[in-house]
Amino acid sequence: LKDGYRVFGPLDTQARRDFYQEISTLAIAPREPESKGVIPLEAMSMGIPVVAPSSGIVPEWFHMVQGGLLVSPELPVWMYAKSFELLSSIPETADKMGETAAEGVRAYFTMESAAARLAEELETTVK
C-alpha cells in the first residue's frame, strides 16, 4: 500500500476525469461529513468502488448504489488505509462492486431517472 496511494487537493473537472481513469479503488477521508457526496458519486459512476466514512450523505448514496465500503468516521485514518488495502487486494470483489455502483448511479442519479421518479411522485400526488 505504501506506493499504491496518492493524496490530492482540489482537482478541476478534467483533472478528476483523468484521475478516475487511472484508479481502480478510491478512499476518501474528509475532515467534515460530506453534505453532497459528489466525489464518491463521480467515482462510482465510473465503476470505481469507494471507501468512505459512514457520515454525512455518503451512507445514503452507498445504500442506494452499493458502491463500496463504509468506515466509521471515529476510526483512525489508518483504518481507511486498511479498508482500501483489503478492497484493492480482492480485485474480483472490487470490480463487481464497481459495476454494481455504476449501475446504481445510472438507476438513481441521471436526469432521466430523476425525471421518472418525479413523474411517479406527481402522479401519486395529483390523484
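The values are calculated or read from the model by the stated rules, or taken from the named source; none is laboratory data. All figures in this text were calculated on a predicted structure; none of them were measured in a lab. Reconstructed Cβ throughout: ideal geometry from the backbone, glycine too, with neighbour counts over all protein chains shown. SASA here: full protein model, heavy atoms, side chains in, ligands and nucleic acids out. Shrake-Rupley method; radii C 1.70, N 1.55, O 1.52, S 1.80 Å.
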Checklist entry - If you check every pair at least six apart or on different chains, which have Cβ atoms under 8 Å apart with a residue in the stretch 100-123 that is surrounded by 13 or more Cβ atoms within 10 Å (Cβ to Cβ) first and a residue that is among the basic types (K, R) second? => result S113/R106
Checklist outcome for this item: Sole miss for V65 among (1) of a type in the set (A, V, I, L, M, F, W, C); (2) farther than 20 Å from M79 by Cβ; (3) touching a Leu at 6+ places or on another chain (Cβ under 7 Å) is condition (3)
Checklist entry - Can you tell me how many residues in the stretch 69-93 are in a helix (DSSP H, G or I), of a type in the set (A, V, I, L, M) and either over 24 Å from P30 (Cα atoms) or in contact with a strand residue (DSSP E or B) (Cβ under 9 Å, 6 or more places away or on another chain) (or both)? => result 4
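Which residues, counting only those in the stretch 43-68, are assigned to a loop (DSSP other than H, G, I, E, B) and under 15 Å from F109 (Cβ atoms)? Give the steps one after another, and end with the answer.
Kept after step one, since they are assigned to a loop (DSSP other than H, G, I, E, B), are these residues of the stretch 43-68: 46-49, 54-57, 66-67.
Correct list: M46, G47, I48, I57, Q66, G67.
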Checklist outcome for this item: K96 meets each of (1) assigned to a helix (DSSP H, G or I); (2) modelled with pLDDT of 90 or more; (3) crowded, with 19+ Cβ neighbours inside 10 Å with one exception, condition (3)
Next on the checklist: When you scan the stretch 69-78, do you find a residue that is of a type in the set (V, I, T), open to solvent by 40 Å² or more (accessible area, probe 1.4 Å) and either touching a residue at least 12 places away in the same chain (Cβ under 8 Å) or in contact with a His (Cβ under 9 Å, 6 or more places away or on another chain) (or both), even just one?
Outcome noted: yes
Item to check | Number of the exception - F62 against (1) without any contact (Cβ under 8 Å) to a residue 24 or more places away in the chain; (2) surrounded by fewer than 19 Cβ atoms within 10 Å (Cβ to Cβ) | outcome: (2)
Checklist entry - Within the stretch 29-56, restricting attention to residues that are touching a residue at least 40 places away in the same chain (Cβ under 8 Å) and over 14 Å from T100 (Cα atoms), which residue is least open to solvent (accessible area, probe 1.4 Å)? => result A29
